[in-house]
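Student: Below is one structure. I have some questions about it.
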Amino acid sequence: MQPFQYHIVVCTQQKAENVPCCAAAGSASVVEALYGELGSAGLSDNVIVSTCGCLGLCDSGPVLIVYPEGTWYVKLTPADVKEVVSSHIAQGRPVARLQRNDYSAMRDEILDHRKKYFAMVQAKDAAGVLPDDLYETIRAFMPSRAILTALELDVFTALRDGCTSPELAKRIAGCAGQPGTAA
């Protein structure tokens, strides 16, 4: 026996602006609706919900897969979730109108997506572009540096105006704790 009757996986992959992805298509709302419907139907203890990265059907998002059957649902809206829960999860009857089961075409689309993704990564590497995760980490520090302190501005101004390092050190020592007075 499995620990849960169903395992539902929902893509929540966020991609660059104007690039099709499940997040841009509203997958967060689908996940929220899913938790709400499972709770309302009293099925929360029978189902585990997991979010995941890209499933490769980005133009068909939001994408949701129900296991153990491996039923793929595409282009879901929060309103569709109620039907998936009441029919598939509660009664074991998948919702045909929301399914995608052209498995050969799906496989080709996913493999093509993967090939394009790897080509994009290689192109970025060849161009010396930082990996997205490293770029995002660096970007996270930017707001803290966006506003220079008054002391830093005074130091830069004093140096621009020809102040020597020893003179600047004396000014800073004499104004410790008094930003805005070093220059």
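The values are calculated or read from the model by the stated rules, or taken from the named source; none is laboratory data. Just so you know, these numbers come straight off a predicted model, no measurement behind them. Neighbour counts are summed over all protein chains in view; Cβ atoms, including those assigned to glycine, are modelled from backbone coordinates with ideal geometry.
Student: Check Pro143 against each of (1) modelled with pLDDT of 70 or more; (2) part of a helix (DSSP H, G or I); (3) of a type outside the set (Val, Ile, Thr) and name the one condition it does not meet.
Tutor: Pro143 satisfies every listed condition except (1).
Student: Across segment 54-74, what is the total count of residues that are of a type in the set (D, E, K, R) and under 18 Å from the mean Cα position of the chain (by Cα)?
Tutor: 1
Student: So, of the residues in segment 30-52 that are touching a Ser or Thr at 6+ places or on another chain (Cβ under 8 Å) and in contact (Cβ under 8 Å) with a residue 40 or more places away in the chain, which turns out to be surrounded by the most Cβ atoms within 10 Å (Cβ to Cβ)?
Tutor: Val30
Student: Still on this structure, please answer the following. Does Lys82 meet the test of being among the basic types (Lys, Arg) and in a helix (DSSP H, G or I)?
Tutor: In short, yes.
Student: Can you pull out every residue in segment 85-134 that is outside any helix (DSSP H, G or I), more than 25 Å from Tyr6 (Cβ to Cβ) and more than 21 Å from the chain's Cα centre (by Cα)?
Tutor: Gly128
Student: Within the set of pairs 6 or more residues apart or between chains, which connect a residue that is more than 27 Å from Glu37 (Cβ to Cβ) inside segment 87-114 to a residue that is part of a loop (DSSP other than H, G, I, E, B) and of a type outside the set (Gly, Ala, Ser) with Cβ atoms less than 7 Å apart?
Tutor: Note: pairs meeting the criteria are Glu109/Leu57; Ile110/Leu57.
Student: Taking the criterion of being surrounded by 15 or more Cβ atoms within 10 Å (Cβ to Cβ) and among the aromatic types (Phe, Trp, Tyr), would at least one residue in segment 71-84 satisfy it?
Tutor: yes
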